[in-house]
2 protein chains.
Amino acid sequence: MTQRRMRLLTVETILDAALVCIDESGQLTMTELAKKLGTTASSVYHHLDGRAAIIEALRERVLSAVELPLMDSSSWDVQIRSWMHSFRHAMAQHPNLIPLAMEQTITAGRALVGYDRIAGLLQAAGVAPKYVIVWLSVLECYALGSALDLAAPDEAWRVGREDLPTLSNALELASRGRQRADEAFELGVDALLLGLRTRLEMHR
Amino acid sequence: MTQRRMRLLTVETILDAALVCIDESGQLTMTELAKKLGTTASSVYHHLDGRAAIIEALRERVLSAVELPLMDSSSWDVQIRSWMHSFRHAMAQHPNLIPLAMEQTITAGRALVGYDRIAGLLQAAGVAPKYVIVWLSVLECYALGSALDLAAPDEAWRVGREDLPTLSNALELASRGRQRADEAFELGVDALLLGLRTRLEMHR
């Protein structure tokens, strides 16, 4: 039995189990992971160099579903928008991975290719090279915050008091659930790109 | 000893312990919480009506540090900006609470007052009542994504390959660590508010 388990222990089976750990509990410890795999932490280390390496491999796996933006400078905003959609969608499948992934340096290869393309598109739009990383951070923060927002319940706010008429009224008129989250995401991406474009024009 | 523990079990001590659980492990289970308090889950239920109630009380506690925006329509953008700062700062103290708080309906009283004021400011700016909630969602997603970004390491990206010159060059020129995160946050808030203002003017 032990031999069979040892034979089945591959990078892929470890990553599968690690993602289940994170999805279920919001955390990843080598002890819990080894337990789930029916093996020891040192056997896991034989395949993957610890917790950070596993989280990085999971970032790579989850973001491999994200379509790489085309380096088409004539449609930089379309390309950025489409990457943000795809990025949010991929991360929203594993919301518990988001805080863990944000805590560590991004080194995952294909993920970096995506960021490199977005960096190129921002430069093509007219962003000065020294501001490219802060813009990349802005887009990422918004996409990840919005990915977490997809886990919100249908009723995101509930006002059980009489003294907040503005919020109560707004909630009565507003869309709910997935529709609210999707509309908000679109609106925010629109506003960010419009803000970026207006800013670039002001400095031209 | 048991009696002493029972006497010490108050809403406040439960919330203290729950926040430690979340900060440490990124999750909250009634079993773990009771264990940390040296009591039983049913004793905890005697004070607070379960996990959701505890997370809601923690939202209230953490957001009680956020200054309520003034209902000054002449400076709606200043008020919104200042609330976003304060909101991001408060949530960034407990990043692990963010995904848990986003998963459930917001009912915490003082938190709702803050949202009600922002809703009022958005309406004062010219946002139609039926779009107030989506705008509130946009601002919240960005503030929460940015709060998580404060947990990023000094080196947020590392390119260990030759074929991504745009990203490599951008990283060399960019600020790092806390400065990167803060500059990005300001830039994003600027862009969102500029995008909102431009949009409102276009529809006027």
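The values are calculated or read from the model by the stated rules, or taken from the named source; none is laboratory data. As the structure is a computational prediction, the values presented were derived from the model and not from experiment. Cβ coordinates were reconstructed from backbone atoms using ideal geometry, including for glycine residues, and neighbour counts include every protein chain displayed.
The residue that is nearest to B:Leu122 (Cα to Cα), among those in the stretch B:61-81 that are free of Cβ contacts under 8 Å to residues at least 60 places away in the same chain and crowded, with 17+ Cβ neighbours inside 10 Å, is B:Trp76.
The residues of the stretch A:33-53 that are buried (at least 18 other Cβ atoms within 10 Å of the Cβ) and of a type in the set (A, V, I, L, M, F, W, C), listed by number, are A:Leu33, A:Ala34, A:Leu37, A:Val44, A:Leu48.
In the stretch B:1-20, the residue that is farthest from B:His94 (Cα to Cα) out of those that are modelled with pLDDT of 95 or more and buried (at least 17 other Cβ atoms within 10 Å of the Cβ) is B:Ile14. Residues that are more than 12 Å from chain A (Cβ to nearest Cβ) and hydroxyl-bearing (Ser, Thr, Tyr) were ranked within the stretch B:82-110; the one that is surrounded by the fewest Cβ atoms within 10 Å (Cβ to Cβ) is B:Ser82. Among helices (runs of 4 or more DSSP H) entirely within the stretch A:130-204, having at least 2 residues that are at pLDDT below 95 and surrounded by fewer than 18 Cβ atoms within 10 Å (Cβ to Cβ) singles out A:177-202.
Would you call B:Leu171 within 30 Å of B:Asp77 (Cα to Cα) and in contact (Cβ under 8 Å) with a residue 12 or more places away in the chain? So B:Leu171 does not fit the description; no.
Just need a number here: residues in the stretch A:123-160 that are over 30 Å from A:His203 (Cα atoms) and facing another protein chain (nearest Cβ under 7 Å). I'd like the intermediate steps shown before the answer.
Let us first name the residues in the stretch A:123-160 that are over 30 Å from A:His203 (Cα atoms), namely A:147-160.
Narrowing further to those that are facing another protein chain (nearest Cβ under 7 Å): A:148-149, A:151-153, A:155-160.
Going through the stretch A:123-160 one residue at a time, the tally reaches 11.
A single entry from B:Leu28, B:Leu58 fulfils the requirement of being farther than 23 Å from A:Ala181 by Cα and assigned to a loop (DSSP other than H, G, I, E, B): B:Leu28.
Restricting the search to the stretch A:105-131, which residues are among the aromatic types (Phe, Trp, Tyr) and free of Cβ contacts under 8 Å to residues at least 12 places away in the same chain? Correct list: A:Tyr131 only. Please work out if B:Val66 is in a loop (DSSP other than H, G, I, E, B) and more than 7 Å from chain A (Cβ to nearest Cβ). Here the answer is yes, as B:Val66 does meet what is asked.
Might you let me know whether the stretch A:111-122 holds any residue that is in a loop (DSSP other than H, G, I, E, B) and either within 23 Å of A:Trp83 (Cβ to Cβ) or at the interface with chain B (Cβ under 7 Å from one of its Cβ atoms) (or both)?
There is no residue in the stretch A:111-122 that is in a loop (DSSP other than H, G, I, E, B) and either within 23 Å of A:Trp83 (Cβ to Cβ) or at the interface with chain B (Cβ under 7 Å from one of its Cβ atoms) (or both).
Can you spot a residue in the stretch A:12-26 that is hydrophobic (A, V, I, L, M, F, W, C), out of contact with any Phe, Trp or Tyr (no Cβ under 9 Å at 6 or more places or on another chain) and under 30 Å from A:Ala125 (Cβ atoms)? No, because not a single residue in the stretch A:12-26 is hydrophobic (A, V, I, L, M, F, W, C), out of contact with any Phe, Trp or Tyr (no Cβ under 9 Å at 6 or more places or on another chain) and under 30 Å from A:Ala125 (Cβ atoms).
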